[in-house]
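Notes to accompany the following structure.
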Amino acid sequence: MNEKEAIALLISTGCSPDVIEHCRAVAEYAKKIALAISENAKRKEHPVNIDIDAVFLGALLHDIGRSKTHGIGHAVAGAKIAVENGLDDKIINIIERHIGAGIPKEEASGLGLPEKDYLPVTIEEKIVAHADNLMFGKNIGTVEELILNLRRKKLDERTIKRFIDLNNEISSMMV
């Protein structure tokens, strides 16, 4: 699948222009992060194998489930759409695990999700989740703004710590 086909899939499933614009912004930012990590790793002679295409396409499609719901279940709905369209498992997992900084199995059912882990595992999944966390619409924000928003939404500190830990992990690979 290429970028044009991914955009066509977003449109055909019913994603709004705002969602598509957000997905494009997240995809560009995620690709920038992936390239920065790869470049930094080369300088340090510690190669990191990142599938840049999977990062870009996964980020482009990460909110495809918003064509069905704008609730937290959009990740599960999106993964289902991806499976139905024969997408690669890498892309399916990026879509399913991009919500927040991940949701562990023990918290999933309390949020109305099927009981399983939604924690990003691969570097590609983590980059997309991180890029999405820092993207406010189509504008890149700071981790401080993110944390402030999470506290305004009354998320518990354990959840906020996952966001901070993911930010720290990705940021440390970029310097």
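The values are calculated or read from the model by the stated rules, or taken from the named source; none is laboratory data. Just so you know, these numbers come straight off a predicted model, no measurement behind them. Cβ placement follows ideal geometry from the backbone for every residue including glycine, while neighbour counts extend to all protein chains displayed.
Checked against (1) more than 18 Å from residue 172 (Cα to Cα); (2) within 14 Å of the chain's Cα centre (by Cα); (3) at pLDDT 95 or above, residue 31 passes all but condition (1). The lone criterion from (1) surrounded by fewer than 16 Cβ atoms within 10 Å (Cβ to Cβ); (2) within 17 Å of the chain's Cα centre (by Cα); (3) aliphatic (A, V, I, L, M) left unmet by residue 8 is number (2). Say we look at the stretch 97-118 and pick out the residues that are part of a loop (DSSP other than H, G, I, E, B) and acidic (Asp, Glu); which of these is farthest from residue 132 (Cα to Cα)? Restricting to residues being part of a loop (DSSP other than H, G, I, E, B) and acidic (Asp, Glu), the top hit is 115. Just for the stretch 116-175: of the residues that are under 15 Å from the mean Cα position of the chain (by Cα) and hydroxyl-bearing (Ser, Thr, Tyr), which one is nearest to residue 44 (Cα to Cα)? The extreme case among them is 122.
Residue-by-condition table, conditions (1) of a type in the set (Ser, Thr, Tyr); (2) surrounded by fewer than 14 Cβ atoms within 10 Å (Cβ to Cβ); (3) at pLDDT below 95:
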| site | (1), (2), (3) |
| --- | --- |
| 124 | no, no, no |
| 128 | no, no, no |
| 132 | no, no, no |
| 138 | no, no, yes |
| 144 | no, yes, yes |
| 147 | no, no, yes |
| 150 | no, no, yes |
| 158 | no, yes, yes |
| 173 | no, no, yes |
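All of (1) under 24 Å from residue 168 (Cβ atoms); (2) free of Cβ contacts under 8 Å to residues at least 12 places away in the same chain hold for residue 83 with one exception: (1).
Residues of the stretch 82-116 that are of a type outside the set (S, T, N, Q), surrounded by 21 or more Cβ atoms within 10 Å (Cβ to Cβ) and on the phi < 0 side of the Ramachandran plot: 82, 87, 91, 94, 95, 96, 97, 98, 99, 101, 103.
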